[in-house]
Amino acid sequence: MTTRVVIRQWAEPVAVEPGATILEAALAAGVPYPHGCRSGNCGACKSRLLSGEVEMTPYSEYALTESERRAGLILACRSTVWDDAEVAWLETEDMMVHPRRQLTCRVIGRATVTHDIVRLRLAITAGGPFTFSAGQYCALTFDGLAARDYSMANRPDEDELEFHIRRLDGTDPARNASAYAFDRLSLGDSVSAEGPFGTAYLRELHAGPIIAVAGGSGLAPIKSIVEAVLSRGAGQPIHLYFGVRSERDLYLEDHLAGLAARHANLHFVPVLSEPRGATARRTGLVTDAVAADMTSLDGCKVYTAGPPVMVEAMTATAIELGARREDIHADAFYTEADKLKLRAAS
Ligand code: FES
């Protein structure tokens, strides 16, 4: 039996099919429901249950603590309903909700920046105006393949969209978006983009220090956040860490070093976890580099994006260093294989 969920911030009730989560139903109905991982790990869909009951599949303690659950909070991406219910997503002072758009774009720039990452520039040709907050992402569709999520790497005030797409190992360009983008996508090609999505975006009201930690192509949203902060000229300290395996995985290093040279408040630290041969760079895990450099993250905003293992480690490190949970904005890049594993485990 289909049930109805009233969402406090949305005019129309949403129909929820049996087995669907509140988040799935809301997104299918076009509601810009705040969310991130869709798998109970990030806490971005945290909501208050105002009436009714939900059943929740397993989730991470990082996403929702026991005391929050007891206080009536739920994760919309883990919650199914058996009867009508009412929920409200959590709002903070600096929460941003942008209209969701279906864009048609054209490829106007592409550069292979590492052995497995392509940097794309897209011009919006239809479906705008498009607004987003630095750190958010879109679902991109190439040549009719299944849509995949990629973060914008440009500042929100720039007209062209920029994406960094890592080719997943062993994938087929006829079936996989990342392989298609890396192997086949050409200048002039059309790309569909839906968004923006994601809650690990820049909190504009925060004026304190920023710790920005990227792993691999997780540099895209972190670059957008760092450049957006620099462009407003507030002068708050920004510590940008970029963790990759070896030299061949580093990209945009000159660009980021150039930004740091021009902005005294930006400190840029590339870190190699598996250097090939001797190197003068920082080595080890990027999270260990942050822990070695920082004595306290109390009062800092922490933005982190990249592989789930790194993002989870960075979240744990930030909490150990005194960051408040609500000041950590994490964007773990789950592959479809990761998502399947998470679903199987739940
Ligand atoms: S915990 Fe629900 S979207 Fe991440």
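Values in this text are rule-based calculations from the coordinates and carry no lab data. The model shown is predicted, which means the values in this text are computed figures rather than measured ones. Every residue, glycine as well, gets a Cβ built from its backbone with ideal geometry; the counts of neighbours run over all protein chains shown.
On average over all directions, what projected area in square nanometres does segment 3-89 have, based on the convex hull of its Cα atoms?
On the way: hull surface 18.9 nm².
The orientation-averaged projected area of the Cα hull of segment 3-89 comes to 4.7 nm².
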Using alpha-carbon coordinates, inclination of helix 219-232 to the longest axis of the chain, degrees: 80 degrees
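How large is the Rg to Rh ratio of segment 1-160 when both quantities use alpha carbon positions and Rh follows Kirkwood?
Values: Rg = 17.9 Å, Rh = 17.6 Å.
We get a ratio of 1.02 for segment 1-160.
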Rounded tilt (10° steps) of 253-262 against the dominant C-alpha axis of the chain: 80 degrees
Treating each Cα of the chain as an identical point scatterer and ignoring solvent, apply the Debye formula and state log10 I(q)/I(0) at q = 0.07, 0.09, 0.15 Å⁻¹. -0.29, -0.49, -1.37
Could you list the trypsin sites (Lys or Arg not before Pro) in segment 124-232 that lie in coil according to DSSP, counting only those with at most 11 other Cβ atoms within 10 Å of their Cβ? R175
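Can you tell me what percent of all Cα-Cα pairs in segment 136-276 are more than 19 Å apart? Walk me through the intermediate numbers first.
Working: 5525 of 9870 pairs.
For segment 136-276, the share of Cα pairs beyond 19 Å comes to 56 percent.
Quick check: convex hull over the Cα atoms of segment 129-189, volume per residue in Å³, rounded to an integer?
Numbers: hull volume 5.7 nm³, N = 61.
In segment 129-189, the Cα convex hull volume per residue is 93 Å³.
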Could you state the angle between the C-alpha long axis of helix 308-320 and the longest principal axis of the C-alpha atoms of the chain, as a value from 0 to 90 degrees rounded to the nearest 10? 90 degrees
Scaled radius of gyration (Cα, divided by 2.2 N^0.38 Å) that segment 210-336 gives: 0.99
Over what distance in Å are the Cα centres of segment 242-273 and segment 1-57 separated? 39 Å
